[in-house]
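Student: Once you've had a glance at the structure underneath, I'll fire off some questions.
The values are calculated or read from the model by the stated rules, or taken from the named source; none is laboratory data. Here the structure is a predicted model, which means the values were calculated and not measured. Cβ coordinates were reconstructed from backbone atoms using ideal geometry, including for glycine residues, and neighbour counts include every protein chain displayed.
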Amino acid sequence: MERELIIGEVLKPQGIRGELKIKPFTDAAEDFSAYKRVFLDGEEYRVLRMRVGDGCVFLSLRGVPDRNAAELLRGKKVTVPRDEAPELPEGSYYIADLLGSEIYTQNGQRLGVLTDIRQAATDIYTVDTGEKEVMFPAVKGVVLSVDVEAGRIVVDEKRYREVAVLE
């Protein structure tokens with residue numbers, strides 16, 4: 001398992017005082033309130049202020065005093081140490097733990113490797129079959145089980161074939 005979790009990405013500076021607009025990779029933008037420090041390119045930053053608006057997170061970080069400093073962080077991934085991340089409820093997983101998992105049908109047929117998860121109302125999984133990429137919604141009825149330790153996700157073959165889309 002990854003020692004760090006990616007929880008967002010810096011979209012752009014917000015204003016002239018060094019505030020950053022972050023696209024959250026968490027279930028809710030408010031989840032950022034649990035973090036007192038974050039890392040950008042391995043460098044630690046203490047969170048001074050956090051606010052949420054329009055589905056984005058706005059962070060003021062120690063060491064980012066103005067727009068020029070904030071501009072240098074555009075496009076950087078926001079990470080936190082795994083041991084500082086909150087416990088997830090049963091049936092929820094960190095994206096970093098799922099990427100690279102092998103996707104199988106309930107009959108044991110290997111479909112491919114999970115390469116991407118797009119967050120939407122329902123997460124959209126992208127599977128690399130070796131020949132093409134296939135996307136499908138990760139909803140109950142399609143995803144039957146997830147075994148993070150084994151890196152294995154089992155899907156209902158009939159439902160998968162009904163909802164899968166070639167990219």
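Student: Can you pull out every residue in segment 74-93 that is modelled with pLDDT of 95 or more, farther than 15 Å from residue 4 by Cβ and either of a type in the set (Ser, Thr, Tyr) or surrounded by 12 or more Cβ atoms within 10 Å (Cβ to Cβ) (or both)?
Tutor: Listed by number, the list holds a single entry, 74.
Student: Another question, if that's okay. Which is under 17 Å from the mean Cα position of the chain (by Cα), surrounded by 14 or more Cβ atoms within 10 Å (Cβ to Cβ) and not charged (D, E, K, R), of 32, 58?
Tutor: 32
Student: Same structure again: When you go through 27, 66 one by one, which is the residue that is surrounded by fewer than 14 Cβ atoms within 10 Å (Cβ to Cβ) and modelled with pLDDT under 95?
Tutor: Checking each option against the conditions leaves just 27.
Student: Further, regarding this structure: Please find, among 9, 44, the residue that is surrounded by fewer than 19 Cβ atoms within 10 Å (Cβ to Cβ), in contact (Cβ under 8 Å) with a residue 12 or more places away in the chain, in a strand (DSSP E or B) and outside the structural domain of residue 99 (by TED's automatic domain parsing).
Tutor: Every option except 9 fails the conditions.
Residue-wise test of (1) assigned by TED's automatic domain parsing to the domain that holds residue 45; (2) within 25 Å of residue 51 (Cα to Cα).
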position: 70; (1), (2): yes, yes
position: 80; (1), (2): yes, yes
position: 113; (1), (2): no, no
position: 118; (1), (2): no, yes
position: 133; (1), (2): no, no
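Student: Oh, and also: Restricting attention to segment 102-118, report how many residues are touching a helix residue (DSSP H, G or I) at 6+ places or on another chain (Cβ under 7 Å) and assigned to a strand (DSSP E or B).
Tutor: 3
Student: Something else about it: Would you confirm, using the coordinates I've provided, whether residue 71 is surrounded by fewer than 20 Cβ atoms within 10 Å (Cβ to Cβ) and within 30 Å of residue 101 (Cβ to Cβ)?
Tutor: no
Student: Let me ask you something else. Check residue 112 against each of (1) over 24 Å from residue 56 (Cβ atoms); (2) crowded, with 16+ Cβ neighbours inside 10 Å; (3) modelled with pLDDT under 95 and name the one condition it does not meet.
Tutor: Residue 112 satisfies every listed condition except (3).
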